Amino acid sequence: MTRRTVNPSQIDPVSSPARRRWLAAGAALGGTALAGCTTMASGPSIGRVVVVGGGFGGATAARYLKMWGGNVDVTLVERNAQFVSCPISNLVVGGYRQIGDVTRGYDGLKALGVKVVQGDVVAIDAAAKKLRLASGTELAWDRLVLSPGIGFMTNEVGGLQGALDAGRVVHAWQAGAQTVALRNQLTAMRDGGVVAISIPKVPYRCPPGPYERACMIASYLKTAKPKSKLLVLDANPEVQSKKALFEKAFADHYKGILEYRPNAELKEVSGGVAKLEFEDVKADVLNVVPPQRAADLARTAGVVNINNRWAGVDWLTMESTAVKGVHVLGDATFPAPTMPKSGHMANQHAKLAAAAIIQLLKGEPVNATPVVMNTCYSFVTQRDVIHVASVHQYDAADKTVKPVPGSGGVSVAANQIEGRYALSWAENIWADMLAL
Amino acid sequence: MIHTVRHGALAALACAGLLASTQASAQSAQDATLARNLAATCANCHGTNGQARGDMKPLAGMSADKLLALLADYRSGAQPATIMHQIVKGYTEPQLKLIAGYFAAQKPKQ
């Protein structure tokens, strides 16, 4: 029996045409057609899970809930029609890939039976276990998964919000139109121009990301606009990830073009001028990675409970420590020790959560010994790549996941083999999350 | 009386056997879920259920002995690697055995 029990209380207008088609097909072909689909989930639904956010965390959660849970009703709410990957998008900024190369669709998830709803969540009622979209549609859940990503604390930099709104400054820290805008500003700039990147204090999404971007922009300038300069204005006292490897890349490949300045926190943006504590930097292209916190949706849900910025979670389930029945994934979470905010890690959070949610819906004990791991590749030239990797095991005494001593590490040196692995990593993780 | 006791003892033995087998089966179901969860931590690079794309090594259908030997060589350094020598050290031997068993049971990608 493949037909799922229809719960009349389930408000689900989007998938109902699809369901009608299923029912119609079953009626037309008779019982044998239904009996033939034994690989599909059978029996009554064990529960309804709504996942909000179709990035590395949310899409993976939707995929694995279906793959492992079978007859779980899974609805994925995502604002955008397509997924655009932040990882590899620095190659688009450098001109070595097109935005289409880092864009993928949600058809694979739909084919698995995930109801994909394009929309914006405007209200979340955790007590009543339902949420409302801007369209007015309401969705009810037994378990809610939030993978909302980051929000920008633009009020910490004077003039930044206005400059972003006007398009004078781009962040390009959420991939898509912003990535393309940054690329276009670089190609439009005269040879001899100045590009500046502002890096916020940690924690922010993708610790090595700004330094990879610096390499990609410098690589473009070196070939296309060699009289130009790139200023890397870092609010932190030093490079925050793969330090020695990035410093070597800066020196080996981009000497005379790239200038790295530590302790250079951006205070204000005015026109094309980046105002630091003791000096003003005039830039033709100003790329500001703003200070970050969990996306506003996390606040809407009431799960932001650490430093007024991040969502605390139970590392056995990814359930919010503030709101029962709501699981939070990815960059919005307050991380465990040394855990990076990365797409790879969000994918791992999602699998941990999917396994736990299925067991919670079935009334079974959850895995008491979860493991998550991270791999992050960064391009330092068009082809040369460096990595950082870590493995984190659950520590029952401290109720958190901790890096395993002696494991993990970085590349010995930048190399082209890892350049190929980086691109393969992207293809594999995109396929893993989106069921491509 | 003796007969009754023996009968009871037999029944208790049978019960114990049944209980042990139920516990074993519950344990094996738990192990299967744990193996699945652990193997999923590899999927980001090696593909969902080990069905890798591109330049990554496919793990689906690889014999458990072969994979465990390879992992041991990464750990010892006998097999040079860019990254696996660092990752393998994050897992315990029982975890690696569960992972290897899981991938051995997966169908290779067509």
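In percent, what relative contact order does the range A:291-353 have, based on Cα pairs under 8 Å that are 6 or more apart in sequence? Intermediate results must be reported in sequence, preceding the final value.
Details: 93 pairs, mean separation 17.1, N = 63.
Here the relative contact order equals 27 percent.
Answer with one residue from A:270, A:291, A:177: the one whose Cα lies farthest towards the positive end of the charge dipole of the protein assembly as shown, charges on Cβ with Lys, Arg +1 and Asp, Glu -1. Sorting the options by dipole projection puts first A:177. Note on the range A:251-327: with charges restricted to the Cβ of Lys and Arg (+1) and Asp and Glu (-1), its dipole about the Cα centre is near 240 debye. When you restrict to C-alpha pairs under 8 Å that are six or more residues apart and normalise by the size of chain A, the relative contact order lands at 17 percent.
Across peptide A:259-270, how many C-beta atoms of other chains are within 10 Å of each residue C-beta, on average?
Values: counts 0, 0, 0, 0, 0, 0, 0, 0, 0, 0, 0, 0.
Across A:259-270, the average partner-chain Cβ count within 10 Å equals 0.
For the protein assembly as shown, adding -39500 (n - 2.57) for each run of n ≥ 4 DSSP H residues and dividing by the number of residues yields -12000 deg cm²/dmol at 222 nm. Between A:363, A:343, A:95, the Gaussian network model of chain A with springs among Cα atoms under 10 angstrom shows the greatest mean-square fluctuation at A:363. Mean-square fluctuations from a GNM of chain A, with a 10 angstrom spring cutoff on Cα atoms, peak among A:270, A:407, A:228 at A:407. When the Cα atoms of chain A are aligned to their principal axes, the ranges along those axes come out at 72, 47, 42 Å in descending order.
Taking 8 Å as the Cα distance limit and 6 or more residues as the minimum spacing, I'd like the relative contact order of the range A:97-176 as a percentage.
Working: 47 pairs, mean separation 11.1, N = 80.
Once divided by the residue count of the range A:97-176, the mean separation gives 14 percent.
Starting from the exponent 0.38 and prefactor 2.2 Å, build the expected Rg for the range A:350-436 from its residue count and divide its actual Cα Rg by it. Write down the numbers at each step before the final one.
Working: Rg = 16.7 Å, N = 87, 2.2 N^0.38 = 12.0 Å.
Dividing the Cα radius of gyration by 2.2 N^0.38 Å gives 1.39.
Report, to two decimal places, the Cα Rg of the range A:168-315 normalised by 2.2 N^0.38 Å (N = number of residues). Provide the component values of the computation, followed by the final result.
Values: Rg = 16.3 Å, N = 148, 2.2 N^0.38 = 14.7 Å.
Here the Cα radius of gyration is 1.11 times the empirical estimate.
Counting only lysines at least 8 places from residue A:110 when in the same chain, those with an alpha carbon closer than 17 Å to its own are A:66. For the range A:253-387, the number of Lys pairs with C-alpha atoms closer than 20 Å, counting only pairs eight or more positions apart or on separate chains, is 6. Rounded to the nearest 10 square angstrom, residue A:376 shows an accessible area of 20 square angstrom against a 1.4 Å probe.
What percentage of the solvent-accessible surface of the protein assembly as shown, computed with a 1.4 Å probe over protein heavy atoms, is contributed by carbon and sulfur atoms? Let's see the in-between values first.
Working: 12960 of 23350 Å².
The value for the protein assembly as shown is 56 percent carbon and sulfur by accessible area.
Placing unit charges on each Cβ (+1 for Lys and Arg, -1 for Asp and Glu) gives the range A:324-436 a dipole about its Cα centre, and among A:433, A:417, A:336 the Cα reaching farthest toward its positive end belongs to A:336. Couplings 3J(HN,Hα) of the range A:102-111, computed from phi: 10, 10, 9, x, 9, 5, x, 5, 4, 5 Hz, in residue order, whole Hz [Karplus 6.51 cos²θ - 1.76 cosθ + 1.60, θ = phi - 60°; x for Gly and Pro]. Ordering A:235, A:258, A:152 by the projection of their Cα atoms onto the charge dipole of the range A:105-262, which places +1 on the Cβ of Lys and Arg and -1 on the Cβ of Asp and Glu, puts A:258 at the extreme positive end.
Per-residue surface analysis assigns residue A:420 an accessible area of about 130 Å², computed on protein heavy atoms at 1.4 Å probe radius. Label positions at residue B:76 and residue A:99, each projected 7 Å from the Cα along the C-beta direction, are separated by 5.2 nm. Put the Cα centre of the range A:283-337 next to the Cα centre of the range B:69-101 and the gap is 33 Å.
Averaged over peptide B:89-96, the number of partner chain Cβ atoms lying within 10 Å of each residue's Cβ comes to 4.
Taking only alpha carbon atoms, the range A:83-209 gives an Rg to Rh ratio of 1.03, where Rh is the Kirkwood radius.
Computed about its Cα centre, the charge dipole of the protein assembly as shown is approximately 1000 debye, with only Lys, Arg, Asp and Glu carrying charge at their Cβ. Between A:421, A:254, A:204, the residue with the greatest mean-square fluctuation in the GNM of chain A (Cα pairs under 10 Å linked by springs) is A:421.
Sorted from longest to shortest, the spans of the Cα atoms of the range A:305-400 along the three principal axes equal 50, 30, 24 Å.
With both residues required to sit in chain A, DSSP beta bridges show an antiparallel share near 55%. The distance linking the range A:204-276 with the range A:358-401 is 29 Å (Cα centroid to Cα centroid, whole angstrom).
The values are calculated or read from the model by the stated rules, or taken from the named source; none is laboratory data. What you see is a predicted model; the values in this text were computed from it and never measured. Note that we place each Cβ from the backbone using ideal geometry, even for glycine, and neighbour counts take in every protein chain shown. In case anyone asks, the SASA skips ligands and DNA or RNA and just uses the protein heavy atoms, side chains included. Shrake-Rupley method; radii C 1.70, N 1.55, O 1.52, S 1.80 Å.
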